[in-house]
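Below is one structure, written out as structure tokens; the observations come after it.
The values are calculated or read from the model by the stated rules, or taken from the named source; none is laboratory data. Just so we're clear, the structure is a prediction, and the values are computed from it rather than from any experiment. Every residue, glycine among them, receives a Cβ derived from its backbone with ideal geometry; neighbour counts consider all protein chains shown.
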Amino acid sequence: MAQARKVVAGNWKMNKTHAESLALAKAVRAGWSAGWGVETVVCPPFTAIRAVAEALAGSGIGVGVQNAHWEASGAYTGEISPAMVQDAGGRYVILGHSERRQYFGETDATVNRRLKAVMAAGLQPIVCVGETLAERDGGRVEAVIERQVRGALEGLDAGGIGKLILAYEPVWAIGTGRNATPQQAQEVHAFIRGLLVKAAGPAIAASVPLQYGGSVKASNAAELFGQPDINGGLIGGAALDAQSFLDIVKAAG
Ligand code: PGA
């Protein structure tokens, strides 16, 4: 069965001015090689999307954003639409990141609405799921992940599921320096793969890239990416430095 392609995305979060974003994008471009065989994406803040997309044009490195709204336009202060993402040169959209869920009231239902709009616009979604430490300690990892995956994917048919990228990001591992062990991550990835098999059949499920995120560094990337159901990563802190991001991308190849 066809293995999922490898995808590594840098989530710059609320970091980098316009000039800093440009400098980072150029440094990533200078050190990157298509020969690694890893689909590579950077997700700067909205204010730098167009500049970064122009700096990376023709390079093979994709550009994404960290959220997008479900409506095409309208009275939604503080939001941007999938069409605006496209217009600015973005092709990927991170959805349901735990920081959106924790601090900004994002729910499985709003992730689902955003996801459908992003897919209708022909953009590539990266849908994030992950449990908190209390949920893990309470033995609820699978229940939480199943609820998030089912909620986010509600209403998608098998063909739609085949177009996704999913990211497993345990909340307790994000920005804490405490990554999940490769075994812990693989266990949850295999569980997610199983949910996709039930929803879309084995061939489609096998083709969906499942990223791990949470304190991925150059030093732990190869071991994480070496797990059978880990097809790359969603990288926060370590994506803010070109060399460490490039080392992680290379480790996925
Ligand atoms: P981190 O963030 O790599 O800084 O832990 C990952 C993420 O939130 O996507």
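Out of all the residues in the stretch 172-196, which are hydrophobic (A, V, I, L, M, F, W, C) and near the ligand (Cβ under 9 Å from one of its atoms)?
Of everything in the stretch 172-196, those that are hydrophobic (A, V, I, L, M, F, W, C) and near the ligand (Cβ under 9 Å from one of its atoms) turn out to be ALA173, ILE174.
Conditions tested, residue by residue: (1) touching a Leu at 6+ places or on another chain (Cβ under 9 Å); (2) among the β-branched types (Val, Ile, Thr).
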site: ALA2; (1), (2): no, no
site: MET14; (1), (2): no, no
site: THR17; (1), (2): no, yes
site: ALA25; (1), (2): yes, no
site: VAL28; (1), (2): yes, yes
site: GLY31; (1), (2): yes, no
site: PRO44; (1), (2): yes, no
site: ALA57; (1), (2): no, no
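Are any residues in the stretch 35-49 in contact with a strand residue (DSSP E or B) (Cβ under 9 Å, 6 or more places away or on another chain) and either closer than 25 Å to PHE104 by Cα or more than 16 Å from the ligand (Cβ to nearest atom) (or both), and if so, which ones?
Scanning the stretch 35-49 gives VAL38, GLU39, VAL41, VAL42, CYS43, PRO44, PRO45, PHE46, ILE49.
For the stretch 1-15, how many residues meet the condition of being over 19 Å from the mean Cα position of the chain (by Cα) and closer than 17 Å to ARG50 by Cα?
0
State the number of residues belonging to the stretch 215-234 that are more than 24 Å from LEU195 (Cα to Cα) and near the ligand (Cβ under 9 Å from one of its atoms).
Matching residues across the stretch 215-234 total 3.
Check off (1) at negative phi; (2) modelled with pLDDT under 95 for GLY175 and give me the number that stays unchecked.
Unmet condition: (1).
Look at PRO202 and say whether it is more than 14 Å from the ligand (Cβ to nearest atom), out of contact with any helix residue (DSSP H, G or I) (no Cβ under 7 Å at 6 or more places or on another chain), under 29 Å from ARG29 (Cα atoms) and modelled with pLDDT of 95 or more.
no
Kindly list, by first and then second residue, each pair from a residue in the stretch 75-93 that is of a type in the set (S, T, N, Q) to a residue that is part of a helix (DSSP H, G or I) and surrounded by fewer than 16 Cβ atoms within 10 Å (Cβ to Cβ), limited to pairs with Cβ atoms under 7 Å and residues at least 6 apart or on different chains.
none
Could you please give the count of residues in the stretch 131-155 that are touching an Asp or Glu at 6+ places or on another chain (Cβ under 8 Å) and on the phi > 0 side of the Ramachandran plot?
Residues meeting the conditions: 0.
Under 7 Å between Cβ atoms, which residue pairs at least 6 apart in sequence (or on different chains) link something in the stretch 53-64 that is at positive phi with a partner that is at pLDDT 95 or above and part of a helix (DSSP H, G or I)?
GLY60/ALA34
Examine the stretch 205-214 for a residue that is modelled with pLDDT under 95, within 14 Å of the ligand (Cβ to nearest atom) and among the small types (Gly, Ala, Ser), and state whether such a residue exists.
No, the stretch 205-214 contains no residue that is modelled with pLDDT under 95, within 14 Å of the ligand (Cβ to nearest atom) and among the small types (Gly, Ala, Ser).
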